[in-house]
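Everything on this sheet refers to the single structure shown next.
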Amino acid sequence: MNTKPIRESDDLSGKTAIVTGAAQGLGRAISLRLARAGANLVVNDLEIADLASTVEELSQMGAAPLAVAADVTDRAAVSRMADVARQQLGSIDILVNNAGVLRPTRFVDISESEWNWVMGVNLTGTFNCTQEVIADMTRNGWGRIINMSSTAGKSVSTMGGAHYTAAKTAVLGLTRAVAKELASDGITVNAICPGLFDTEMTRGTISEERADEYASGFPIQRLGLPSEVADLVAFLASDHGAYITGASMDINGGDLMV
């Protein structure tokens, strides 16, 4: 029996984390939270210019983030991002697969190209980035992979179409399968399932009145705060989360109960 002692700490000093989709919303909040825990940050989005606000906030905290533009659906671009991270910061220890897109299109109106795009960013992007960092984590005997799913992965999306629900459900299956394979290598793989959060994606998809209407029906009658997801990510990335793998963590104000 493995009785290796657990070092209970949320200190991520010396660890290198990649956060995809870090330009805004949950990704930006997660980046700031991991930096506060001491991690070296690689922040990713489609364009470097989109990351300016995140980089500025991190720099004001005293962090020195590495901003890398890459389309997570492009395996070659993901490989280049990982190589740059290794060259400048060393092995990759933590991966947060946060990049995601959503469209509210009705099922009968979803085009093949839109289906492929939504599935590509949310699911294939998670696959690409995860495969790219496994060798680093296996070599070190330690790793944390945190995938962003959604309450849509367990039910049906409040805002997104069938392609979004399908992708986020698939992320949960991918999380469980990879967690089972990698547990013996000291790598945990978990998913987070946020409900309706106060982000640019939410505000850009539905009106403020509609958001308030949804929130009034939750047991906790408000939208979630990005910092609340960020705290959960930091917990799973730390030593406190060492015995959690293959899990899907709900954070939704009780939405799934009603």
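Out of GLY125, GLY173, report the one residue that is in contact (Cβ under 8 Å) with a residue 40 or more places away in the chain, in a helix (DSSP H, G or I) and of a type outside the set (A, V, I, L, M, F, W, C).
Values: GLY173 fails: in contact (Cβ under 8 Å) with a residue 40 or more places away in the chain.
Exactly one of GLY125, GLY173 is in contact (Cβ under 8 Å) with a residue 40 or more places away in the chain, in a helix (DSSP H, G or I) and of a type outside the set (A, V, I, L, M, F, W, C), namely GLY125.
Check whether at least one residue in the stretch 141-151 is out of contact with any Lys or Arg (no Cβ under 9 Å at 6 or more places or on another chain) and open to solvent by 30 Å² or more (accessible area, probe 1.4 Å), and report yes or no.
Within the stretch 141-151, the subset out of contact with any Lys or Arg (no Cβ under 9 Å at 6 or more places or on another chain) is 141, 143, 145-147.
Next, only the ones that are open to solvent by 30 Å² or more (accessible area, probe 1.4 Å) stay: 141.
So far as the stretch 141-151 goes, yes, one or more of its residues are out of contact with any Lys or Arg (no Cβ under 9 Å at 6 or more places or on another chain) and open to solvent by 30 Å² or more (accessible area, probe 1.4 Å).
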Restricting the stretch 176-203 to residues that are in a helix (DSSP H, G or I) and among the charged types (D, E, K, R), which is surrounded by the most Cβ atoms within 10 Å (Cβ to Cβ)? ARG176
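Suppose we filter the stretch 102-113 for residues that are farther than 21 Å from THR199 by Cβ and either aliphatic (A, V, I, L, M) or touching a His at 6+ places or on another chain (Cβ under 9 Å) (or both); how many remain?
Here is the first cut: in the stretch 102-113, the ones farther than 21 Å from THR199 by Cβ are 106-113.
Adding the requirement that they be either aliphatic (A, V, I, L, M) or touching a His at 6+ places or on another chain (Cβ under 9 Å) (or both) leaves 107-108, 110.
The total comes to 3.
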Could you please let me know if ALA135 is under 25 Å from ALA183 (Cβ atoms), among the hydrophobic types (A, V, I, L, M, F, W, C), open to solvent by 30 Å² or more (accessible area, probe 1.4 Å) and not in a loop (DSSP other than H, G, I, E, B)? yes
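Restricting to the stretch 95-116, give me the number of residues that are farther than 20 Å from ARG203 by Cα and within 18 Å of the chain's Cα centre (by Cα). Give the derivation first.
The first filter runs over the stretch 95-116 and keeps only residues farther than 20 Å from ARG203 by Cα, leaving 95-97, 107-116.
When the remaining residues are screened for being within 18 Å of the chain's Cα centre (by Cα), the result is 95-97.
The qualifying residues number 3.
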Select, from TYR214, TYR243, the only residue that is under 25 Å from GLY160 (Cα atoms) and out of contact with any helix residue (DSSP H, G or I) (no Cβ under 7 Å at 6 or more places or on another chain). TYR214
Identify all residues within the stretch 207-258 that are of a type in the set (A, V, I, L, M, F, W, C), modelled with pLDDT under 90 and part of a loop (DSSP other than H, G, I, E, B); write none if there are none. VAL258
Count of residues meeting criterion [surrounded by 13 or more Cβ atoms within 10 Å (Cβ to Cβ) and either of a type in the set (Gly, Ala, Ser) or within 23 Å of ASN97 (Cβ to Cβ) (or both)] in the stretch 204-226: 7
On the basis of being assigned to a helix (DSSP H, G or I), within 19 Å of the chain's Cα centre (by Cα) and on the phi < 0 side of the Ramachandran plot, does ALA166 make the cut? yes
Would you please list the contacts, defined by Cβ atoms under 6 Å and residues six or more apart or on different chains, that run from a residue in the stretch 215-242 that is more than 17 Å from LYS15 (Cβ to Cβ) to a residue that is open to solvent by 50 Å² or more (accessible area, probe 1.4 Å) and among the polar types (S, T, N, Q)? ALA215/GLN221
Within the bounds of the stretch 144-151, is there any residue that is within 15 Å of GLY120 (Cα to Cα), under 18 Å from the mean Cα position of the chain (by Cα) and of a type in the set (Gly, Ala, Ser)? yes
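The values are calculated or read from the model by the stated rules, or taken from the named source; none is laboratory data. Fair warning: this is a prediction, and the values are worked out from it, not measured in the lab. Please note: Cβ atoms are built from the backbone with ideal geometry, for glycine as well, and neighbour counts cover all protein chains shown. These accessible areas exclude ligands, DNA and RNA; they are computed on the full protein's heavy atoms, side chains included. Shrake-Rupley method; radii C 1.70, N 1.55, O 1.52, S 1.80 Å.
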